[in-house]
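Worksheet: the structure to be examined is printed underneath.
The values are calculated or read from the model by the stated rules, or taken from the named source; none is laboratory data. Predicted model only: the values in this text are computed from it and were never measured. Using ideal geometry, Cβ is built from the backbone for each residue, glycine included, and neighbour counts are taken over all protein chains shown.
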Amino acid sequence: KPVHPDRRPAVVTGASSGIGATTALTLAAAGYPVALGARRVEKLTELVEQIKADGGEAVAHPLDVTDQASVDAFAKAVTDDLGDIEVLVSNAGHVSPGIIHEVSTERFASEIDLNLLGAHRLVRAFVPGMLERQRGDVLFVSSDVAVRARPFMSSYAAGKWGLEGMAHAMQMELEGSGIRISIVRPGPTWSEMGTDWEDAAAADVLTGWIKFGLARHSHFLKPQALADAIANVVSQPRGIHLNLVEVNPEAPL
Ligand code: NDP
């Protein structure tokens, strides 16, 4: 069937809550057909219904970015549903705090697996098609922790730092290919992140932030601030590339 030249199907990973869910709603409201991926499919289905009720186009499929077979099945399903994917928002991520010498190697590795290798698996699944068509946007949701490490978040800092390193190398490799590689780097944001932390771990994080002067943000952002930044980055006209956008709460007066 003929495809409208402005129709740009978009994938959002980690779309079942927080920044990802709000980004999916925002892109859909801006006219993007959106494909939502995460492990909690029932949450995705609710969002798809909401988008459709508002006149948008959306589909959802289960996705575990730590499993290449799941990523590949997701990529096939969303392409079958929406056509060639033009926008990939790699947003799925998580942090579980712990002091470095007590964190097991397995737990450290699992955080790298999610926050860094998960993004690489998505690149392997979606970028070859974009290269064939010589167009596309790949956006990685990083963290301010990538460049300003916070205590009790060593594995998360390593994963997000690695993610940004991968993105910078990728920008060079794909320069002139028609694919824009971008990083959006959120500061502290209200979401489900942290709601599963034990009280003691959360207290360690907060006292660490205060001790090292990292508590300058008296406010947290709402996910909408990030969703707007992400939509802005991927909606730039050809010829303009917002390589890196960091979004922080305004420092207290
Ligand atoms: P949430 O916990 O609300 O959202 C995380 C999302 O990732 C959920 O949709 C979750 O869905 C998904 N997810 C987790 N593991 C997997 C997996 N293996 N496969 C697929 N999806 C997965 O947190 P945020 O919205 O805050 O986080 C979004 C991104 O923003 C993350 O990359 C995070 O690192 C980054 N960030 C957040 C900050 C904050 O202060 N909140 C600050 C800086 C960066 P499900 O469980 O259903 O799979």
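Provide a single number: the residues in segment 171-196 that are basic (K, R) and more than 14 Å from L226 (Cα to Cα). Before you say what the answer is, go through the steps one by one.
Here is the first cut: in segment 171-196, the ones basic (K, R) are 180, 185.
Going one step further and asking which of them are more than 14 Å from L226 (Cα to Cα), we end up with 180.
Count: 1.
Conditions first: (1) within 16 Å of the ligand (Cβ to nearest atom); (2) part of a loop (DSSP other than H, G, I, E, B); (3) in contact with a helix residue (DSSP H, G or I) (Cβ under 7 Å, 6 or more places away or on another chain). W197 passes all but one, so which condition is the exception? Evaluating W197 over (1) within 16 Å of the ligand (Cβ to nearest atom); (2) part of a loop (DSSP other than H, G, I, E, B); (3) in contact with a helix residue (DSSP H, G or I) (Cβ under 7 Å, 6 or more places away or on another chain) leaves (3) as the failure. Can you pull out the residues in segment 124-158 that are under 16 Å from the mean Cα position of the chain (by Cα), within 12 Å of the ligand (Cβ to nearest atom) and in contact (Cβ under 8 Å) with a residue 60 or more places away in the chain? L139, V141, D144, Y156, listed by residue number. From the set of residues in segment 201-221 that are part of a loop (DSSP other than H, G, I, E, B) and surrounded by 16 or more Cβ atoms within 10 Å (Cβ to Cβ), which is modelled with the lowest pLDDT? Only one residue fits best here, namely H217. For segment 37-50, the criterion of being of a type in the set (V, I, T) and within 18 Å of F140 (Cβ to Cβ) is satisfied by no residue at all. Checked against (1) within 14 Å of the ligand (Cβ to nearest atom); (2) hydrophobic (A, V, I, L, M, F, W, C); (3) farther than 30 Å from V103 by Cβ, L242 meets all criteria but (1). Taking the conditions (1) surrounded by fewer than 22 Cβ atoms within 10 Å (Cβ to Cβ); (2) within 30 Å of K211 (Cβ to Cβ); (3) not small (G, A, S) in turn, V141 satisfies each one other than (1).
Just to be sure I understand, how many residues within segment 56-72 are closer than 19 Å to A21 by Cβ and touching a helix residue (DSSP H, G or I) at 6+ places or on another chain (Cβ under 6 Å)? Show your work before the answer.
As a first pass, look at segment 56-72 and keep what is closer than 19 Å to A21 by Cβ: 56-65.
Still in the list and also touching a helix residue (DSSP H, G or I) at 6+ places or on another chain (Cβ under 6 Å): 56, 58-65.
Within segment 56-72, residues that are closer than 19 Å to A21 by Cβ and touching a helix residue (DSSP H, G or I) at 6+ places or on another chain (Cβ under 6 Å) number 9.
Report whether or not R180 is within 13 Å of the ligand (Cβ to nearest atom), closer than 30 Å to R7 by Cα, touching a residue at least 40 places away in the same chain (Cβ under 8 Å) and not β-branched (V, I, T).
On the way: within 13 Å of the ligand (Cβ to nearest atom): no; closer than 30 Å to R7 by Cα: yes; touching a residue at least 40 places away in the same chain (Cβ under 8 Å): yes; not β-branched (V, I, T): yes.
No; evaluated as a whole, the condition is false for this residue.
With respect to (1) in contact (Cβ under 8 Å) with a residue 40 or more places away in the chain; (2) over 18 Å from V247 (Cβ atoms); (3) not β-branched (V, I, T), the lone exception for M193 is condition (2).
For every residue, the table says whether it meets (1) at pLDDT 95 or above; (2) under 22 Å from G31 (Cβ atoms).
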{"position": "H61", "(1), (2)": "yes, yes"}
{"position": "I85", "(1), (2)": "yes, yes"}
{"position": "E102", "(1), (2)": "no, no"}
{"position": "S143", "(1), (2)": "yes, no"}
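Is there a residue in segment 84-95 that is touching a helix residue (DSSP H, G or I) at 6+ places or on another chain (Cβ under 7 Å), more than 18 Å from V123 (Cα to Cα) and of a type outside the set (F, W, Y)?
So the first thing to find is which residues in segment 84-95 are touching a helix residue (DSSP H, G or I) at 6+ places or on another chain (Cβ under 7 Å), and the list is 84-85, 87-95.
Next, from what is left, pick out any that are more than 18 Å from V123 (Cα to Cα): 94-95.
Next, only the ones that are of a type outside the set (F, W, Y) stay: 94-95.
Scanning segment 84-95, I find at least one residue that is touching a helix residue (DSSP H, G or I) at 6+ places or on another chain (Cβ under 7 Å), more than 18 Å from V123 (Cα to Cα) and of a type outside the set (F, W, Y), so the answer is yes.
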